[in-house]
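Visitor: Let me give you the structure first, and then I'll get to my questions.
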Amino acid sequence: MERIRAIEEKLLRKPHQFDALAQRYSECPTAMREGRIGFVRRGQLFPQLDEALFRLRAGELSSVVESDMGFHVLLCKAIQPPNTLSLKKATRISEKY
């Protein structure tokens, strides 16, 4: 907890260092991608992460969140606006999941 709090403090001062800090300190497989998980929809993450992430606005940093995998600090880089999909595209997407 001490370590993640120290990282959180660094990020509050210098949020632009998120990628480098994630790559250096994260124990999550996403560390290899500088902490990036990409665009996600509700329900794709652990409930605690989902709840914290979907409260953030673009550019906002979460406080420390605990999940079954450990401790996390989330950064919402962008929010993809909702859009209407064609039936063909929606069918292709649903087949992936």
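Visitor: Restricting the calculation to Cα positions, tell me the Rg (one decimal) and the Dmax (whole number) of the chain in Å.
Guide: Radius of gyration, then largest Cα-Cα span, for the chain: 15.0, 49 Å.
Visitor: Can I ask one more? For the chain, what is the mean residue ellipticity at 222 nm derived from helices alone (per DSSP H run of n ≥ 4: -39500 (n - 2.57); sum divided by total residues; nearest 500 deg cm²/dmol)?
Guide: On the way: 4 runs with 37 residues, N = 97.
Computed ellipticity for the chain at 222 nm equals -11000 deg cm²/dmol.
Visitor: For the chain, build the charge dipole from Cβ charges (+1 Lys, Arg; -1 Asp, Glu) around the Cα centre, then report which of Ser67, Pro82, Gly35 sits farthest towards its positive end.
Guide: About the Cα centre, the residue reaching furthest to the positive side is Pro82.
Visitor: In whole percent, and with a 1.4 Å probe on the protein chains, what portion of the accessible area of the chain is carbon and sulfur? Intermediate values should be presented prior to the final figure.
Guide: Numbers: 3980 of 7540 Å².
In the chain, the share of accessible area belonging to carbon and sulfur is 53 percent.
Visitor: Let me check something: with ligands and nucleic acids excluded, how do Cys76, Cys28 order by accessible area (1.4 Å probe), largest to smallest? Please report the intermediate quantities before stating the final value.
Guide: Numbers: Cys76 10, Cys28 40 Å².
Result, largest first: Cys28, Cys76.
Visitor: Moving on. Within the stretch 42-66, find all residues whose amide N lies under 15 Å from a label point positioned 7 Å from the Cα of Ile4 along Cα-to-beta-carbon.
Guide: Correct set: 46-53, 62-66.
Visitor: Taking the solvent-accessible surface of protein heavy atoms with a 1.4 Å probe, what is the per residue accessible area of the chain in Å²?
Guide: On the way: 7540 Å² over 97 residues.
Counting only protein heavy atoms, the per-residue value for the chain is 78 Å².
Visitor: Stretched out fully, how many nm does the piece from Lys88 to Cys28 gain, at 0.36 nm a residue minus the Cα gap?
Guide: Numbers: separation 60, 0.36 × 60 = 21.60 nm, distance 3.45 nm.
The Lys88-Cys28 span can extend by a further 18.1 nm.
The values are calculated or read from the model by the stated rules, or taken from the named source; none is laboratory data. Bear in mind that the values here come from a model prediction, so they are computed numbers and not experimental data. Ideal geometry is used to build each Cβ from the backbone, glycine not excepted, and the neighbour counts take in all protein chains shown. Ligands, DNA and RNA are stripped out before the accessible areas are found, and what is left, the full protein with its side chains, is counted by its heavy atoms. Shrake-Rupley method; radii C 1.70, N 1.55, O 1.52, S 1.80 Å.
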